[in-house]
Amino acid sequence: MADGRADGSLRAADGTDPLLLDNQLCFPLYVCAKEIVNRYTPYLRELNLTYTQYITMMVMWEEKRVLTRHLKERLYLDSGTLTPVLRRLEEKGLITKTRDSRDARDLVVTITPRGEKLREKALRVPGQVGTCLKGLRQGEELRSLLREMMKLFQK
């Protein structure tokens, strides 16, 4: 609960200003996400992928064949973002898109042999990026951070 003050400012119950940048959870998450994507960029350039294309391919390497609505849910992307990503991946010959025979409103995305082959090159990327992340040990520390961050978005 915030308390109003004579000067019109608000303070949280603990006396902190809720609008100070240093008091925001969103800001360090934003900075971290931006910096991590920047660290991926040179390695993904070698694969001719953007970060969004890369995470899409990660799902494709795992699942081989998926509905676009599943990709949207899994990647937290909207249609306006996912549609051009899929178009570019299809142009590169990494995936194919077809209408679902059971429901023509759904698109089925399938990885191609060329897309599968790209996985071999992509296997280096996590290790390359890991060397750029200072102060984060691999193993349990990383798994713990992943678990905590995913709790923020669990449905």
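The values are calculated or read from the model by the stated rules, or taken from the named source; none is laboratory data. Note that the structure is a prediction, hence the values are computed from the model and not measured. No Cβ is skipped: glycine too gets one built from the backbone with ideal geometry, and neighbour counts run over all protein chains shown.
Points worth noting:
- In the set (1) in a helix (DSSP H, G or I); (2) out of contact with any strand residue (DSSP E or B) (no Cβ under 6 Å at 6 or more places or on another chain); (3) surrounded by 11 or more Cβ atoms within 10 Å (Cβ to Cβ), GLY93 fails one condition alone, (1).
- Residues of the range 109-133 satisfying the condition of being without any contact (Cβ under 8 Å) to a residue 12 or more places away in the chain and assigned to a loop (DSSP other than H, G, I, E, B): LEU123, THR131
Yes/no per residue for (1) polar (S, T, N, Q); (2) in contact with a Cys (Cβ under 6 Å, 6 or more places away or on another chain); (3) surrounded by fewer than 13 Cβ atoms within 10 Å (Cβ to Cβ):
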site: GLU35; (1), (2), (3): no, no, yes
site: LEU44; (1), (2), (3): no, no, no
site: GLN53; (1), (2), (3): yes, no, no
site: THR68; (1), (2), (3): yes, no, no
site: ASP78; (1), (2), (3): no, no, yes
site: GLY115; (1), (2), (3): no, no, no
site: LEU118; (1), (2), (3): no, no, no
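- The single condition among (1) part of a helix (DSSP H, G or I); (2) closer than 27 Å to PHE153 by Cα; (3) in contact with a Leu (Cβ under 9 Å, 6 or more places away or on another chain); (4) modelled with pLDDT of 95 or more that ARG69 does not meet is (4).
- Index of the failed condition, SER144 passing every other in (1) exposed (fewer than 14 other Cβ atoms within 10 Å of the Cβ); (2) under 19 Å from VAL37 (Cβ atoms): (2)
- The selection criterion, being surrounded by fewer than 12 Cβ atoms within 10 Å (Cβ to Cβ) and either closer than 26 Å to PHE153 by Cα or without any contact (Cβ under 8 Å) to a residue 24 or more places away in the chain (or both), does not hold for ASP106.
- Close contacts from the range 50-63, counting a first residue that is part of a helix (DSSP H, G or I) and a second that is surrounded by fewer than 18 Cβ atoms within 10 Å (Cβ to Cβ) and of a type in the set (D, E, K, R), with Cβ to Cβ under 6 Å and a gap of 6+ residues or different chains, come to VAL59/ARG74; TRP61/ARG119.
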